[in-house]
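Below: the structure, in structure tokens.
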Amino acid sequence: MRQRQNTTETFDEEQQFRQPWVWLPLLIITIGLIGMFVYGLYLQLYLGQPWGDRPMTDSGLIITAILSSLLMGGTVWLFYVLKLITRVDAEGVHVRFFPLTRKRIPFENITSCQARTYRPIREYGGWGIRFSRKGMAYNVHGDTGVQLTFKQGKPLLIGSQKPEKLAAVINKYLSQPTSN
């Protein structure tokens, strides 16, 4: 494995989905759905009145309520724990979208690196792990990041709240000679 010489500089950044415009609709939908099933369960099981025009059986309603609540609760949990973790060290650029995926990009594969402002919705269709004609993007919020260009394949955009610093550290490694 070829190592970069002389540089011991690192970069670490961790970002999470904490924007109100993400959380407000998610929580409203989750609370509304769970509230609707609580009302239906109360009406049908406690008061003995069928819930809806075509009511489910009691066991069907219970199972549907539990599964729907688990699905929505799991979605809320996933958005809460999702993190974009970016690290640059002597081994390369490490990008992790915890708990879904991780990627290590050796410097030998990178031809250029540039901090830039981008349009998340127009260029990549939003935030998260995104694929488009322009390449791939890992982003959580904002409109700044670092564009990596490779010897082979499409570019990768890594969203960052500190794009100039991230690009500077990567470019410092790219400008250094390698040793075997």
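Going by the conditions given, is Arg2 open to solvent by 60 Å² or more (accessible area, probe 1.4 Å), modelled with pLDDT of 90 or more and more than 16 Å from the chain's Cα centre (by Cα)?
Against the criterion (open to solvent by 60 Å² or more (accessible area, probe 1.4 Å), modelled with pLDDT of 90 or more and more than 16 Å from the chain's Cα centre (by Cα)), Arg2 does not qualify.
Restricting to segment 119-141, count the residues that are open to solvent by 70 Å² or more (accessible area, probe 1.4 Å) and aliphatic (A, V, I, L, M).
1
Name the residue, out of Gln147, Gln114, that is touching a strand residue (DSSP E or B) at 6+ places or on another chain (Cβ under 6 Å) and either in contact (Cβ under 8 Å) with a residue 40 or more places away in the chain or of a type in the set (A, V, I, L, M) (or both).
Gln114
Scan segment 39-46 and give yes if some residue there is surrounded by 13 or more Cβ atoms within 10 Å (Cβ to Cβ), more than 30 Å from Lys162 (Cβ to Cβ), free of Cβ contacts under 8 Å to residues at least 24 places away in the same chain and touching a helix residue (DSSP H, G or I) at 6+ places or on another chain (Cβ under 9 Å), otherwise no.
The answer is yes; a qualifying residue exists.
For segment 66-109, name all the residues that are part of a helix (DSSP H, G or I), closer than 28 Å to Lys151 by Cβ and in contact (Cβ under 8 Å) with a residue 60 or more places away in the chain.
Phe107, Glu108
Which fully enclosed strands (runs of 3 or more DSSP E) of segment 112-177 have 3 or more residues being modelled with pLDDT of 90 or more and under 18 Å from the mean Cα position of the chain (by Cα)?
Those strands (runs of 3 or more DSSP E) span 135-139, 144-150, 156-159.
The values are calculated or read from the model by the stated rules, or taken from the named source; none is laboratory data. It should be emphasised that the depicted structure is a prediction, and the values quoted were computed from it without experimental measurement. No Cβ is skipped: glycine too gets one built from the backbone with ideal geometry, and neighbour counts run over all protein chains shown. Accessible surface is based on the protein model in full, side chains and every heavy atom, while ligands, DNA and RNA are left aside. Shrake-Rupley method; radii C 1.70, N 1.55, O 1.52, S 1.80 Å.
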